[in-house]
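Each remark here refers to the structure printed beneath this line.
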Amino acid sequence: MEVDRRAFIAGITVWPLAAHVRAASGPDEAAQQRSRTDYSFVQYHNQTDSSPLHRRLVEMWGAIRKETNGRVETQVLAQNNNIPGSDPAALKMLVTGEIQFFTLMGGILGTVVPVAEVQQVPFAFRSAAHAHRAMDGPLGAYIRAEAAAKGIHGFPVAAFDNGMRQIGSNTRPVRVPSDLADVRMRVPAGQMVADTFKAFGAVPVTINSRDIYDALKTGKVDAHENPLALMESFKLDEVTKYISVTNHMWSGFNQLAHLATWQKVPDDMKAVIERNVAMYVRLQRQDQERANTAVRATLVTRGLAFNDVDAAPFRRQLSGFYATWKKQLGAKCWSLLESAAGSSLA
């Protein structure tokens, strides 16, 4: 059940409570006071509670609670606690401080922090590991600096993995760009993905993750593009016939914090949180890579037809797209992208 937001937020404490605790009268009472929660937070994400992301976030915040002797307590809520509006609505809650931590894809983050769209430039990254190096390096640092100006804190190692995206279709396999002409393609919020598929002649339809299944089942859309593990997690294989392995785009889940809340956290707690975020991001990346690799065989046994795609014709058709987005993202951002990608895109 969805928690009543106002009632729930009223119970969240982001200011230190220790200042209001009376002096302890003895060692036992002092130990008990030190174990009391000083900070209570909420962490949202859009994946299911069976996903590697959810499991690692729960483990991460459990480790942080243990290392801080219970001073930091965080509730992890899968699928954004089923709030209306899903990711875009949760992003607004993060910006206002209604929730304190949130994982989010670059495309949707780009609605508030425009340069975050760079994470989803098509065919920029050869693999998820390639994208991780970029997000842990200067390009990721640039995105975090821009996010801070919008009241959002990013972590030095913060890109949980979703994986390389593939195209699932109910009309025909996608082998060449013309196969996407007039296809109603489900896309997430954010302009980058929509513009990518417009360049191929598809018709983008913006739908939140939890509603993709129904959109495919009812025929509202003909196709979608997601990593394989997400397809299985959301049971999209039940409403998909063909999967074309395009590896056209990387997507991840940026671990974000409400900046004003983060600034109130003592430095020792910040250090604990940052260290654990980095550790569990790396663990989840490994989990997701294994899941995306293994699930292909599983989906084949369920009757889905796979085909591998040559990316070259698709990249050639994106020349105008790259020129437009180079201008939109700015010279500095594009230069950092090309440096991370190891090649020119425009």
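The values are calculated or read from the model by the stated rules, or taken from the named source; none is laboratory data. Fair warning: this is a prediction, and the values are worked out from it, not measured in the lab. Every residue, glycine as well, gets a Cβ built from its backbone with ideal geometry; the counts of neighbours run over all protein chains shown.
A few notes on this one:
- Just one of the listed residues (271, 260, 278, 323) is part of a helix (DSSP H, G or I) and outside the structural domain of residue 99 (by TED's automatic domain parsing), and it is 323.
- Only one entry in 87, 161, 136 is out of contact with any Gly (no Cβ under 6 Å at 6 or more places or on another chain), buried (at least 23 other Cβ atoms within 10 Å of the Cβ) and either of a type in the set (D, E, K, R) or at positive phi (or both), namely 87.
- Reported count of residues in the range 268-303, each being more than 30 Å from residue 71 (Cβ to Cβ) and either polar (S, T, N, Q) or surrounded by 14 or more Cβ atoms within 10 Å (Cβ to Cβ) (or both), is 10.
- Criterion: buried (at least 19 other Cβ atoms within 10 Å of the Cβ) and either out of contact with any Phe, Trp or Tyr (no Cβ under 8 Å at 6 or more places or on another chain) or at pLDDT 95 or above (or both) - qualifying residue of 32, 75, 43: 43
- Qualifying position, being touching a Phe, Trp or Tyr at 6+ places or on another chain (Cβ under 9 Å), at negative phi and surrounded by fewer than 20 Cβ atoms within 10 Å (Cβ to Cβ), among 217, 198: 198
- Residue 102 being outside any helix (DSSP H, G or I) and at positive phi: no
Table: residues versus (1) surrounded by fewer than 24 Cβ atoms within 10 Å (Cβ to Cβ); (2) in contact (Cβ under 8 Å) with a residue 24 or more places away in the chain.
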residue	(1), (2)
145	yes, no
155	yes, yes
178	yes, no
182	yes, no
188	no, yes
